[in-house]
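Worksheet: the structure to be examined is printed underneath.
The values are calculated or read from the model by the stated rules, or taken from the named source; none is laboratory data. Note that the coordinates shown come from a computational prediction; the quantities given were computed from them, not determined experimentally. Cβ placement follows ideal geometry from the backbone for every residue including glycine, while neighbour counts extend to all protein chains displayed.
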Amino acid sequence: MGVNAILKRRMEELGLKQDELARQMNDAIAEITGRPGDVSSRTVRNLVNGTSRRPIGRTCAALERVFGCPVEDLGFTAPRTAVPQEDPVRRRTFLTTAGGTTAAVAVPLLAQRRSVSMSDVARAAAGMNALVEADDRMGGHSKLEKDAIAGRSQVLELQKKNASEHVRRALFALVAEYTTMAAWSCIDVRNLDQAQQYLHESTTYAGLSQDGPTEMRVWVNLSMLAYQRRNWPEALAAAKAAQASPAARRDPFFSSLGRVRVALSYAALGDHRAALRSLGAAQDAFVKATGRERPRWTAFYGPAELDHLAAVVHSHGGRPDHAEAMAHSALAKIPVAFRRNRAMTTAQLALAQLRQGDTEEATATATDIFTIMDGVPLPGRMRTLIGDFHRDLIVRAPSTTYAREWTDRMRAEWSRA
């Protein structure tokens with residue numbers, strides 16, 4: 001007898017280990033009969049290795065309930081009396097009576113629970129990846145938030161179905177990711193109270209997922225939210241939690257991401273020495289990161305984003321020349337698809353030039369933001385940076401022709417829906 005390759009493959013699809021399958025089969029028998037099942041790991045081992053090719057009735061019933069298909073589709077031969085020919089809509093589940101005989105009880109096919117597999121998780125993850133790509137192009141917006149919450153609802157529906165612990169944790173990770181995406185969209189448009197609510201929910205789901213990168217993402221977004229609220233101590237605390245997370249300890253990539261958030265928080269607090277130290281550590285860690293596969297949401301963080309955030313750190317530290325150099329370096333590396341990131345970095349470049357006294361060049365740079373985002377409403381965070389630039393420009397060069405032209409252009413772009 002050979003290994004039952006069909007059953008083995010289906011177990012892998014559902015993320016089921018032998019112990020887990022035995023537990024789920026016992027749960028299924030309890031649901032059908034009202035009495036505890038007695039399926040052991042040894043029973044499952046015999047099913048997998050091919051020793052058992054014609055399981056007894058209650059074992060068949062349990063297998064069909066767990067996998068949501070006839071036992072023939074799992075590589076087994078059903079008991080001779082298993083399928084009633086007279087009723088194609090109903091199939092028989094075999095129960096052991098108190099006297100030890102086998103009785104056939106018809107169970108509606110619709111009553112069978114379908115198990116959720118990793119292929120279901122992959123389909124749900126594809127929807128998440130599409131939202132990440134939309135965010136890369138446009139930044140946060142109300143439709144992105146609504147789509148993220150709709151995706152979360154669909155994954156929560158999957159959670160109600162039968163699933164292995166491995167699949168269930170993957171689903172919780174996706175719920176956390178969808179909720180965090182909704183939060184991020186709110187951060188980008190500066191709907192900060194709603195973002196706070198979503199991130200509190202994300203923290204719970206990420207914990208249930210036991211997934212390091214997912215938990216890391218929530219901490220990073222909590223730091224970003226506190227940063228936008230100008231609550232620098234909270235931003236630093238969340239960044240340090242990200243830096244100390246299991247994902248950061250295992251992977252230099254995530255270590256770099258956590259450390260650069262720490263650098264930004266220290267810079268905002270005015271501790272420039274600590275900020276530069278953390279920035280250097282983030283840069284060193286990133287060099288050590290390998291090209292291993294990571295979640296799609298991490299694609300934003302690469303050499304370009306690290307240089308962009310370095311520009312912000314230097315800007316906080318009163319080093320506009322260094323900020324300008326880092327912004328130029330970032331713009332040379334930003335992928336074409338990352339439209340919002342290019343516009344944000346351009347805003348940082350304009351601010352750095354302005355603070356060095358190059359007002360006309362800075363104004364021309366700032367005007368490029370509108371070209372980059374042409375046809376797309378400006379996210380709230382970007383509007384904040386543009387507002388910072390505008391106020392500084394008016395103070396430095398209030399009566400110049402280019403400042404007046406900038407003001408007219410800004411007002412026109414600002415009013416776009």
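One line per residue, one yes/no per condition, for (1) under 17 Å from Ala122 (Cα atoms); (2) modelled with pLDDT under 90:
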| position | (1), (2) |
| --- | --- |
| Arg137 | no, yes |
| Lys143 | no, yes |
| Gln154 | yes, no |
| Glu157 | yes, no |
| Asn162 | yes, yes |
| His166 | yes, yes |
| Ala173 | yes, no |
| Ala176 | yes, no |
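Taken over segment 266-315, the criterion of being under 17 Å from Arg217 (Cα atoms), modelled with pLDDT of 95 or more and among the small types (Gly, Ala, Ser) is satisfied by Ala282 alone.
Of the residues Leu174, Leu156, which single one is surrounded by fewer than 23 Cβ atoms within 10 Å (Cβ to Cβ), of a type in the set (A, V, I, L, M, F, W, C) and farther than 30 Å from Asp374 by Cβ? I'd like the intermediate steps shown before the answer.
Numbers: Leu174 fails: surrounded by fewer than 23 Cβ atoms within 10 Å (Cβ to Cβ).
Criteria check complete, one pass: Leu156.
Kindly state which helices (runs of 4 or more DSSP H) lie completely within segment 1-78 and contain at least 2 residues that are free of Cβ contacts under 8 Å to residues at least 40 places away in the same chain and more than 23 Å from Asp120 (Cβ to Cβ).
Ranges flagged: 18-33, 41-49, 57-67.
For segment 90-113, the criterion of a residue being of a type in the set (Val, Ile, Thr) and either closer than 28 Å to Arg296 by Cα or at pLDDT 80 or above (or both) is satisfied by no position.
Just to confirm my filter: which helices (runs of 4 or more DSSP H) fall fully inside segment 180-299 and include at least 1 residues that are within 23 Å of Leu131 (Cβ to Cβ), without any contact (Cβ under 8 Å) to a residue 24 or more places away in the chain and assigned by TED's automatic domain parsing to the domain that holds Arg340?
Values: elements: 192-209, 212-228, 232-243, 246-250, 252-269, 272-288.
Those helices (runs of 4 or more DSSP H) do not exist here; none qualify.
Among all positions in segment 365-385, there is at least one residue which is touching a helix residue (DSSP H, G or I) at 6+ places or on another chain (Cβ under 7 Å), at pLDDT below 95 and small (Gly, Ala, Ser). Selection of segment 220-273 for residues being among the aromatic types (Phe, Trp, Tyr) and more than 17 Å from the chain's Cα centre (by Cα) yields Tyr227, Trp232, Tyr266.
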